[in-house]
1. State all residues of the range 18-54 that are acidic (Asp, Glu) and either open to solvent by less than 60 Å² (accessible area, probe 1.4 Å) or touching a Leu at 6+ places or on another chain (Cβ under 7 Å) (or both); if no residue qualifies, say none.
2. When you go through (1) more than 14 Å from residue 269 (Cβ to Cβ); (2) at pLDDT 95 or above; (3) surrounded by 14 or more Cβ atoms within 10 Å (Cβ to Cβ); (4) under 16 Å from the mean Cα position of the chain (by Cα) one by one for residue 177, which number turns out not to apply?
3. Out of all the residues in the range 65-89, which are under 24 Å from residue 284 (Cβ atoms) and in a strand (DSSP E or B)?
4. Name the residues in the range 93-123 that are within 19 Å of residue 205 (Cα to Cα) and open to solvent by 20 Å² or more (accessible area, probe 1.4 Å), would you?
5. Can you list the strands (runs of 3 or more DSSP E) lying wholly within the range 90-142 that have 1 or more residues being within 15 Å of residue 280 (Cα to Cα), among the aromatic types (Phe, Trp, Tyr) and at pLDDT 95 or above?
6. Outside any loop (DSSP other than H, G, I, E, B) and surrounded by fewer than 13 Cβ atoms within 10 Å (Cβ to Cβ): does that describe residue 157?
7. Name the residues in the range 275-295 that are within 30 Å of residue 176 (Cα to Cα), in a strand (DSSP E or B) and out of contact with any Lys or Arg (no Cβ under 8 Å at 6 or more places or on another chain), would you?
8. Just for the range 212-226: of the residues that are surrounded by fewer than 23 Cβ atoms within 10 Å (Cβ to Cβ) and modelled with pLDDT of 95 or more, which one is nearest to residue 142 (Cα to Cα)?
Amino acid sequence: MRNIAFIINPISGAERNNRRRIPKLINKLLDKEQWSFDVVFTEYKGHATELAKHYADLGFFGVVAVGGDGTVNEVANGLKGTDTAIGVIPIGSGNGFARHLGISLTASRAIKTLNSVEPILADYGLANGLPFFVTCGSGFDALISKEFQKAGKRGFKIYIEKIIQELWNYAPQHYKLTGDNIDLDTEAFLITFANCNQWGNAAQIAPKASIQDGKLDIVIVSKFSLIAAPALAMRLFTKNIDDSLHVSSLKVGKVKLIREQEGPFHLDGDPVEMPAEIDIEIVPNGLKVLVPKRY
């Protein structure tokens, strides 16, 4: 018998009313001969981190983030560097972490998967000391994250609306990247630092990224004409954006990003304000993760 806790974000994703049915599904589908479980709902931003640390201190085998990538970020932040593993029931808007791991987006299937999981060691990233587990970045994606949060609504449709609204007037920014034998000076539409292969919603910005290679994938999207936008978008969803002439990529362990000024940045899709200079690095094998055995 092993102990596992479920931390549920009650406002995650687009269909918030369905969050209250998750405890019933857990009680019905989780193998009680294998697991002894707690279920708790978060009440404020940062609460999931506090709860995860609490369960890690109690020596729980696993803590499951029930929500999107923001919830994963908070729970993983509380578990990094401990022997307690993070699991995921993805009920958010993008679910990039779960998609990368091959976890079902159907809550009932994701719960059943927990009856036959195994822990692995995974990497995570730091941006000026702040952890991220999926991606972080500067540029257009950071702007969209900010506008998406301001919208007050969730869901893929709202995300696409914001992209269309902002795409017409967005100007590429000037960046420098230094470190790990890199000295790059460029203009870019966006720069993404990827631990996982995607932003979410199956949009694979870094198809070759791995959470177990001790490296971050840097993906630089250069300026492109609006007429090229549909083709780039198609490549995102067909796992070959790195073949585009507008995209370059490299793998690093540690790098400094220098921007023209402070401004929007995102960590796992959540917007933050960051200074002009940002130190970004990978922490190898810093997190235990519960994954399907087929992974």
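The values are calculated or read from the model by the stated rules, or taken from the named source; none is laboratory data. Remember, predicted model here, so these are calculated numbers, not experimental data. Every residue, glycine among them, receives a Cβ derived from its backbone with ideal geometry; neighbour counts consider all protein chains shown. Surface accessibility is based on the protein's heavy atoms, side chains included, excluding ligands, DNA and RNA. Shrake-Rupley method; radii C 1.70, N 1.55, O 1.52, S 1.80 Å.
1. 31
2. Just one mismatch for residue 177, condition (4).
3. Residues satisfying the conditions are 65, 85, 86, 87, 88.
4. Result: 93, 99, 100, 102.
5. Working: elements: 117-127, 130-132, 135-139.
Where strands (runs of 3 or more DSSP E) fall fully within the range 90-142 and carry at least 1 residues being within 15 Å of residue 280 (Cα to Cα), among the aromatic types (Phe, Trp, Tyr) and at pLDDT 95 or above, they are 117-127, 130-132.
6. On the way: outside any loop (DSSP other than H, G, I, E, B): yes; surrounded by fewer than 13 Cβ atoms within 10 Å (Cβ to Cβ): yes.
Taking the combined requirement at face value, the residue satisfies it.
7. Within the range 275-295, 284, 285 qualify.
8. This residue is 220.
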